[in-house]
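Notes follow the structure.
The values are calculated or read from the model by the stated rules, or taken from the named source; none is laboratory data. Treat the numbers as computed from the prediction; the structure is a model and nothing was measured. Backbone-built Cβ (ideal geometry, glycine too); neighbour counts: all protein chains shown. Areas reflect the complete protein model, heavy atoms only, side chains present, ligands, DNA and RNA absent. Shrake-Rupley method; radii C 1.70, N 1.55, O 1.52, S 1.80 Å.
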Amino acid sequence: AYDLLTVRSALLEARTSLETVGGARGEIDIDEARATLAEADDQLVPARSRATSLRWSAASVLPVAGHSITETREVVETADAAVELLDQALAGGEHLLRDGLDIEVADGAVDLAPLIAARDLVDDLPITRLERARQALAEPPQGWVPEELREGRAELLELSEGMVDAATTARSLTTALPGFLGTEEPRRYFVGMQTSSELRGTGGLIGFWGVLEVDGGSVSFGQSSVYESPDDDDGAERISELGGAVDVGVAADEEFHERYARLWGTSSFSNVNLEPDLPSTARVALDLFAMRTGQRLDGMILLDPAGLQRLLEAAGGTLSLDPDLAEALGLDDEELPTDQFAQLVTTDIYEVLGADASDARKDALAQLGDTALARILDGSWDGVAMARAIAGASAERQLQVFSENGEEQRAFTDVGATGSLAPTETSDLFAVSANNSVGGKQDVHLGHEFDVSVYLDELARTGDGSLTARRTASLDVTVDNPLPTSGRDDYIIGNCFVADGDNQCFEGPPGWNWTWFNTWLPGDTHILDARIPEESLAPTGPTDYRGLRVVDLYHATPPEDRSTFGIDLGGTAPLTDTGDGVVYEWSWWRQAKAIPDLLDVRIHPPQGWEIADVEVAGGGEGQGMGVHGDGDDLDVEVIDEAVHVTGTVTAHTQVRVRLVPAS
């Protein structure tokens, strides 16, 4: 008992020191971190000595007390492993921890030396030891342990989880990036620019494209040789050049073909990215590119205007435009502030160069894209700022990457850069993706609101020992359409149908919005009821697709109005057993858009359980576009014994609710 009290006291002090270091975000005070780690190490000395002693080994087999002994030893081992990992990281990676990864581009080549150094550092860290220690600690205690020990165990599990995730992600990324940048052999990637004005599953219609070539860090961006233009050797080839008969497509896999071939998803680059999961989309797109050009590329990179603006702002300064381009866009200055780029290419350009100036608009967008990419690839920017901009763009799916190399793809998945939409064993995953069904550029002006209520009940063990709860839920989707019936360009409000003419827009009244909504849910979900306005089409599904269930619905919203459809759902949800309670994690997979979504979520615990703690990760601010503009920070409350989360989201959002038996 004396030994346990001594260990507990040391661990409480060490935990405080570890939290100081492990909880750091962004810039870190290296000197303070070293001091707190040294203090933690000193405090763990008596704990290590007692936990590894012979009498503790003998006592661990005793009834009742043995469980506390075993659990305490696992706590000590995890804390000790965390201290060792952080100590080595501080000793060898001061520059990386202080500033981040410094990306430098000079004379068209990425300086790979910092990346190689980071890889070598991470390779030497004792990550595996911490992973194993935490895995052992995560197993629920097999018998009674004191409340203080349960609380300390839960806190250390949470702290070490973040450390393990960060370390393993760093290991994956630093291992994969050198190969992705062509250190072993030249690589060629399809780069597609998506427009947020016309939504597709991965983010938007691919407006134009180019091929990025990397060889030993050397970077060049231009056209594919098949479609090389004699008039514009340095520009990116427009997506129309990848045309071809829409009834001639690639094979794709059976699920993709059955779902999207009828919508030209296997034969047209305009619709190849209806699928929100980029890994699925990219494989089909690369096959389609190979069929059209005879060239096989190594991967795919997608950017949207908001993501490109992030990178431009990190590059600093203004974007210098050709005088004729600035005049065509109605700009008073040839120097475009970088924080106005997304607004210009998603909304303003359609007001100046609308439905009657399609050729001029396409040329202007092409020049803007070429100029922006050239500015980013010239390398005259701060490397740390650019690395952080890339990370921010990836978090909001404004930048998405796919590699045909399996190891690299796993690394990009670990850091959330692949735009992957896939089932998870630990989260109750909900997602709604929107595909434009009008043909115009309405989507950047709208507001999307999602109202979710989750009710948990009937906890049960499955055959493999995992814990689940019966879950019923309601999901209401509201579209706020501020567009008028007249007074704005036809390409924006959708009134560009010409009888017996060459139509590229939806045949319908001006200002009306039609969107193909896809609701993605866990694999055993079923529909209990649906609330659909009479203008919309009845939902189809749910159908099974890649381990998820998807409900499809074509939804109509009148001009200057709002409309809502709703679905009531049944199914089960995974829970994580913490020994003293359970954790329910609800995840909202968020599609890449220029507009922020308004999210309102309520989570009700099972009968006989109460909320002990709530954590929310995600959210994000808007770009000033759409009904919700810049958005509001997420607000978290517990109201009437239920979790209530409200605010705007621009990135994947998770709500973790820790539940304990009601007192």
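Details
- Of the set (1) more than 30 Å from VAL432 (Cα to Cα); (2) modelled with pLDDT under 90; (3) open to solvent by 10 Å² or more (accessible area, probe 1.4 Å); (4) in a loop (DSSP other than H, G, I, E, B), all apply to SER220 but (4).
- Some residue of segment 402-411 being part of a helix (DSSP H, G or I), modelled with pLDDT of 90 or more and of a type in the set (Ser, Thr, Tyr): no
- Segment 525-545 - residue that is surrounded by 19 or more Cβ atoms within 10 Å (Cβ to Cβ) and not polar (S, T, N, Q) and, of those, nearest to ASP480 (Cα to Cα): PRO542
- Of the set (1) open to solvent by less than 50 Å² (accessible area, probe 1.4 Å); (2) part of a loop (DSSP other than H, G, I, E, B), all apply to THR371 but (2).
- Number of the exception - THR195 against (1) modelled with pLDDT under 80; (2) farther than 21 Å from GLU408 by Cβ: (1)
- Taken as a whole, the condition of being closer than 25 Å to THR525 by Cα and either touching a Gly at 6+ places or on another chain (Cβ under 9 Å) or among the β-branched types (Val, Ile, Thr) (or both) does not apply to ALA617.
- Considering segment 559-663, the qualifying strands (runs of 3 or more DSSP E), each wholly inside and each with 2 or more residues that are open to solvent by less than 40 Å² (accessible area, probe 1.4 Å), run over 561-577, 582-589, 597-604, 609-619, 642-649, 651-661.
- The residues listed here are SER394, SER420; of these, the one that is surrounded by fewer than 24 Cβ atoms within 10 Å (Cβ to Cβ), of a type outside the set (A, V, I, L, M, F, W, C) and touching a residue at least 40 places away in the same chain (Cβ under 8 Å) is SER420.
One line per residue, one yes/no per condition, for (1) surrounded by fewer than 17 Cβ atoms within 10 Å (Cβ to Cβ); (2) modelled with pLDDT under 95:
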position: LEU429; (1), (2): no, no
position: GLN442; (1), (2): no, yes
position: LEU446; (1), (2): no, no
position: GLY465; (1), (2): yes, yes
position: SER486; (1), (2): yes, yes
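- Look at segment 110-126: where a residue is at negative phi and a partner is basic (Lys, Arg), sitting 6+ places away or on another chain with Cβ atoms under 9 Å, you get ARG119/ARG171; VAL122/ARG171; ASP123/ARG171; LEU125/ARG171.
- Whichever residue in segment 326-341 is assigned to a helix (DSSP H, G or I) and over 21 Å from ALA306 (Cβ atoms) and, among such residues, is least open to solvent (accessible area, probe 1.4 Å): ALA326
- Considering segment 621-650, the residues that are among the small types (Gly, Ala, Ser) and within 15 Å of VAL601 (Cβ to Cβ) include one that is nearest to the chain's Cα centre (by Cα), namely GLY647.
- Number of residues in segment 265-288 that are in a helix (DSSP H, G or I) and in contact with a strand residue (DSSP E or B) (Cβ under 9 Å, 6 or more places away or on another chain): the value is 7.
- Residues satisfying the criterion are absent from segment 348-358 (criterion: free of Cβ contacts under 8 Å to residues at least 60 places away in the same chain, more than 30 Å from GLY494 (Cβ to Cβ), open to solvent by 30 Å² or more (accessible area, probe 1.4 Å) and out of contact with any helix residue (DSSP H, G or I) (no Cβ under 7 Å at 6 or more places or on another chain)).
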